[in-house]
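The values are calculated or read from the model by the stated rules, or taken from the named source; none is laboratory data. Since the structure is predicted, the reported quantities are computational estimates derived from the model, not experimental observations. A quick note on method: Cβ atoms are made from the backbone with ideal geometry, for glycine too, and the neighbour counts reach across all protein chains shown. Heavy atoms of the whole protein, side chains included, go into the accessibility calculation; ligands, DNA and RNA do not. Shrake-Rupley method; radii C 1.70, N 1.55, O 1.52, S 1.80 Å.
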Amino acid sequence: MLHVPDDSVLVLVDFQTRLMPAIHDGASVAAQAVRLGRIARIFEVPVIGTEQSPLRLGESVSEIKGLCSDTVTKDHFDACADGLADALPAERNSVIVAGCEAHVCVLQTAFGLLRSGRKVTVVSDAAGSRKTVDREAAIGRLGANGVEIATVEMIAFEWLGSSRHPRFRDVLQLIK
């Protein structure tokens, strides 16, 4: 399935200040999520964040928080159990998910979104875990269970659709 901006919503899961230092290659994972969020903003794709127990793990890192129009505070690992599905625009069916930890909150949220009837894509280069083995197992398990796996560039170019898109140069600047 190709993604189109008018049917997409981006969910940035738990990019929190006390969690990110423990994530393997966390700076790169967060940078990719910020890039994806900025591209989403170019296309007016809604960006929703989540925060797992923010009193313990802190709020989302400022660059991520600034991209989100709404943030769902949660205690469940599946953000849908704390209202994420209800926070998503009803007219948008395609949910693109990035975040931490891939094998816990990203995986359980993606499965929750599937159960709610949404099409779900996890962005692998913007998803991280403390251990690479956990991240890789999560990506494999998600893909084997109906979640599409993509990268930031895949999503960006799908949203563009053509090099003649009026925002092509703006997006290209974020990709390079």
Completion exercise
Checked region 122-142 for anything surrounded by fewer than 23 Cβ atoms within 10 Å (Cβ to Cβ) and either touching a residue at least 40 places away in the same chain (Cβ under 8 Å) or part of a strand (DSSP E or B) (or both); matches are SER124, ASP125, ARG130, LYS131, THR132
Practice task
Say whether the condition of being touching a Lys or Arg at 6+ places or on another chain (Cβ under 8 Å), in contact (Cβ under 8 Å) with a residue 12 or more places away in the chain and farther than 23 Å from VAL147 by Cβ is met by at least one residue in region 62-79.
Solution key: no
Fill in the blank from the handout: Here the residues within region 30-58 that are out of contact with any strand residue (DSSP E or B) (no Cβ under 6 Å at 6 or more places or on another chain) and of a type in the set (D, E, K, R) are ARG35, ARG38, ARG41, GLU44, ARG56
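Taking the condition touching a residue at least 40 places away in the same chain (Cβ under 8 Å) and open to solvent by 20 Å² or more (accessible area, probe 1.4 Å), does ILE42 pass? Talk me through it step by step, then tell me what you get.
Numbers: touching a residue at least 40 places away in the same chain (Cβ under 8 Å): yes; open to solvent by 20 Å² or more (accessible area, probe 1.4 Å): yes.
The answer is yes for ILE42.
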Fill in the blank from the handout: The number of residues in region 143-176 that are closer than 18 Å to GLN32 by Cβ, free of Cβ contacts under 8 Å to residues at least 40 places away in the same chain and open to solvent by 60 Å² or more (accessible area, probe 1.4 Å) is 6
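Condition first: open to solvent by less than 20 Å² (accessible area, probe 1.4 Å) and acidic (Asp, Glu). Now tell me which residues in region 1-19 satisfy that.
Kept after step one, since they are open to solvent by less than 20 Å² (accessible area, probe 1.4 Å), are these residues of region 1-19: 3, 8-16.
Listed by number, the list holds a single entry, ASP14.
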Practice task
Inspect all residues belonging to region 95-112 and state whether any of them is farther than 22 Å from VAL34 by Cβ, open to solvent by less than 50 Å² (accessible area, probe 1.4 Å) and either of a type in the set (Phe, Trp, Tyr) or modelled with pLDDT under 95 (or both).
Solution key: yes
Handout entry: LEU36 crowded, with 23+ Cβ neighbours inside 10 Å, among the aliphatic types (A, V, I, L, M) and free of Cβ contacts under 8 Å to residues at least 40 places away in the same chain
Key = no
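State whether one or more residues within region 58-68 are over 23 Å from LEU174 (Cα atoms), surrounded by 19 or more Cβ atoms within 10 Å (Cβ to Cβ), in contact with a Gly (Cβ under 8 Å, 6 or more places away or on another chain) and of a type outside the set (Ser, Thr, Tyr).
Initial filter on region 58-68 (over 23 Å from LEU174 (Cα atoms)): 58-59.
Next, from what is left, pick out any that are surrounded by 19 or more Cβ atoms within 10 Å (Cβ to Cβ): none.
Looking for residues that are over 23 Å from LEU174 (Cα atoms), surrounded by 19 or more Cβ atoms within 10 Å (Cβ to Cβ), in contact with a Gly (Cβ under 8 Å, 6 or more places away or on another chain) and of a type outside the set (Ser, Thr, Tyr), one finds none in region 58-68, hence no.
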